[in-house]
1. Which strands (runs of 3 or more DSSP E) does region 72-140 wholly contain that include 1 or more residues that are over 30 Å from Gly222 (Cβ atoms), open to solvent by 20 Å² or more (accessible area, probe 1.4 Å) and free of Cβ contacts under 8 Å to residues at least 12 places away in the same chain?
2. Only one of Trp285, Trp323 is outside any helix (DSSP H, G or I), buried (at least 17 other Cβ atoms within 10 Å of the Cβ) and among the hydrophobic types (A, V, I, L, M, F, W, C). Can you tell me which?
3. Taking Trp154, is it closer than 28 Å to Asp54 by Cα and of a type in the set (Phe, Trp, Tyr)?
4. Can you work out which of the residues in region 42-64 that are surrounded by 18 or more Cβ atoms within 10 Å (Cβ to Cβ), not in a loop (DSSP other than H, G, I, E, B) and not small (Gly, Ala, Ser) is modelled with the lowest pLDDT?
5. Based on what the data block shows, is Glu328 touching a Ser or Thr at 6+ places or on another chain (Cβ under 8 Å), charged (D, E, K, R) and open to solvent by 20 Å² or more (accessible area, probe 1.4 Å)?
6. So, in region 2-41, of the ones that are open to solvent by 60 Å² or more (accessible area, probe 1.4 Å) and in a helix (DSSP H, G or I), which residue ends up nearest to Ile141 (Cα to Cα)?
7. Is it the case, given these coordinates, that Leu239 is open to solvent by 10 Å² or more (accessible area, probe 1.4 Å), modelled with pLDDT of 95 or more, of a type outside the set (Asp, Glu) and in a helix (DSSP H, G or I)?
8. Out of all the residues in region 35-56, which are polar (S, T, N, Q) and within 20 Å of Lys229 (Cα to Cα)?
Amino acid sequence: MSVRIIDKRDEYILGHCTKYLARDNTDFRHNLGQYADNDPRGRICEAWRFPIVDSYGDETNIEDPYAANQVTFVYEIDPSAPPQSVAVIGTFGNLYEPTPLSPVTFQGEPTKYYAVTAIIGKGEVHTYKFLVDGQIVLDPINPQRTTLDNGQEWSRFFTELCTDPLSLEGWEASLLNRITTHILPFRTREGERFLKDYYFGLDRQARETQYPHAYRFDESVGELNFIDKLLAREEHHHLQDYKICLEQIDRILRQRNPYIEPCDQSGEMFVQLYNDMASDKVDGWDYGKYQSPRFFLQMLRRHTYTGAFSHPRYGGNAGASGWAYLSERYKGDDGNTLFAWREVMELPFGTSEDYHG
């Protein structure tokens, strides 16, 4: 599989590098527990933004922008010992076929960055490494890494609409799905009926290409998929919160009813658990491992609502069904919706031909 490369202006790449990589600080203010001590990524502002996964626009082909992202790999060199060559290898192409990175310049002068931009399909997850003067190295910026079955560690990235679980195990996702049932407003019989009616009312293309993403990971609007991807990137420092608290919740529910799997227990059990966590007083909670169940619940509520109502490109709100729910739920005295999202959103979600989000 050959890699499709496009030229990006140096200003585009420097716009990201200057904002997130150019700080000359030596403290580890960006290490919130997700990195080992003295890991250089802890000094980088929002390291999760690399590689740069962005929208792809092609004025000659209106289909490609909805099917692919542009992914820009950035490698920061040591100016005192510049390499002779920098390339990237990965599963997005022929695995061991290097794709060269080019020096990034500013007003004709060299910078400390090398970069290359590839067109990669949406809904994909890939592993990669850099090849620097023939030596294979992990991406020193990207916090996402994964260990393969052979024990080899690789850097990782994913594109928009990816539904492969990256952070949560199966039992964790099942348990989390039950907890979010009592958070989202459309987890009622009426709300679920509306979502189903909305789904079957979509045109065939939307049903086949957009809404199925909701059902690859949970049975609502993809909020679990959003949380999973959030914990893989921008809120990776909270992944341990989820791991610790879901383990505690699993243990407590097993103590309260040892005969039924936690994710299959009654709604009343979860309502009681939810209320206990909200009061910050949960019988059986190990406060030595995690001080405040209420803090975790508040964080989970924030993540859940964001996933249900943010742009579908971020992994939740599949098929824009969350927006459709708001549009139906909130109407003025004249009967028209107060949330006319279709007018301002791009195809295939909305009707605007001006916005290409």
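1. 102-106, 109-121, 135-137
2. Only one candidate passes the filter, namely Trp285.
3. So Trp154 passes the test.
4. Arg43
5. Taking the combined requirement at face value, the residue satisfies it.
6. By that ranking, first place goes to Pro40.
7. So Leu239 fits the description; yes.
8. Answer for region 35-56, where residues must be polar (S, T, N, Q) and within 20 Å of Lys229 (Cα to Cα): just Ser55.
The values are calculated or read from the model by the stated rules, or taken from the named source; none is laboratory data. What you see is a predicted model; the values in this text were computed from it and never measured. So basically every Cβ, Gly included, is an ideal-geometry build from the backbone, and we count neighbours across all protein chains shown. For the accessible areas, the whole protein counts, side chains as well, though only heavy atoms, and no ligand, DNA or RNA atoms are used. Shrake-Rupley method; radii C 1.70, N 1.55, O 1.52, S 1.80 Å.
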